[in-house]
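Here, each number is a calculation from the coordinates, and none is a lab measurement. These numbers come from a predicted model, not from an experiment. Here the Cβ positions follow ideal geometry from the backbone for every residue, glycine too, while neighbour counts run over all protein chains shown.
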């Protein structure tokens, strides 16, 4: 199975390669993650690893979560997510670090894109708009949005104004440029979804 890890986007910078070229990279904090639950097909209907990420004070968690973590001997963690099982030897309480990813590995990164608020069709979908001269009143409007007499309704999926961004996005075929295991830092080529401190999931391609 493909390896995966939960982390956080820190920001962007550039990495100078051996030939002197500057490569744009995203600095990501990946792990350490702790296996909180190991799901299987017999009991849960599917196989997955529930990972915990980011230490937190015990008082910031609900009593149910604190009790569950204490029973398993796991420190308080704030963020939980599921990934596919990629190593059957991992049990509850096992710690996974960014060292599972090797340099030059191709990965997919999933995160929540930047929210841009309410936007019109020109900004959101790239509509050309109407003419600006000779008394035209059609500049940035969407224009016709439905049929006439039949079926007399707006068709599903019509491109219209609405909330732009803030949705789950996966960017594929990015390369891991550098791994700093001591600091749990990974440099990934190009841009990944979201603003700074956005939670991301990095998985092997």
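If you average the sequence gap of Cα pairs under 8 Å that are 6 or more apart and divide by the length of the chain, what percent do you get for the contact order?
Values: 446 pairs, mean separation 63.7, N = 205.
So the answer I get is 31 percent.
Take segment 35-111, drop everything but the C-alpha atoms, weight them equally and run the Debye formula without solvent; then report log10 I(q)/I(0) at 0.11, 0.14, 0.15, 0.21 Å⁻¹ to two decimals.
-0.34, -0.54, -0.62, -1.06
Between residue 112 and residue 40, what length in nm is gained on full extension when 0.36 nm per residue of separation is reduced by their alpha carbon distance?
Details: separation 72, 0.36 × 72 = 25.92 nm, distance 2.79 nm.
Between residue 112 and residue 40, full extension yields an extra 23.1 nm.
Label points 7 Å out from Cα along the Cβ direction at residue 133 and residue 87: separation in nm?
Distance between label points: 6.7 nm.
Provide the gained length on full extension for the span residue 166 to residue 196, in nm with one decimal, where the gain is 0.36 nm per separating residue minus the Cα-Cα distance. Each step should come with its number before you reach the end.
Details: separation 30, 0.36 × 30 = 10.80 nm, distance 1.35 nm.
Result for the pair: 9.5 nm of gain on full extension.
How far is it, in nm, from the label point at residue 2 to the one at residue 140 when both lie 7 Å from their Cα along the line to the Cβ?
3.8
Per residue and in cubic angstrom, what volume does the convex hull of the Cα atoms of segment 1-137 have? If you can, show how the numbers build up before the last one.
Details: hull volume 32.0 nm³, N = 137.
With only Cα atoms used, segment 1-137 gives 233 Å³ per residue.
Jot down the per residue volume, in cubic angstrom and as a whole number, of the convex hull over the alpha-carbon atoms of segment 108-205.
Details: hull volume 15.0 nm³, N = 98.
Per-residue hull volume (Cα only) is 153 Å³.
Evaluated at 4 °C with a viscosity of 1.567 mPa s, what Stokes-Einstein diffusion coefficient in µm²/s does segment 119-165 have when Rh comes from the Kirkwood expression over alpha-carbon pairs?
On the way: Rh = 12.1 Å.
Once the numbers are plugged in, D ends up at 107 µm²/s.
Between residue 97 and residue 17, take the C-beta separation as r, use R0 = 30 Å, and let me know the FRET efficiency to the nearest 0.05. Write out the running numbers ahead of the final one.
On the way: r = 25 Å, r/R0 = 0.83.
The computed FRET efficiency comes out at 0.75.
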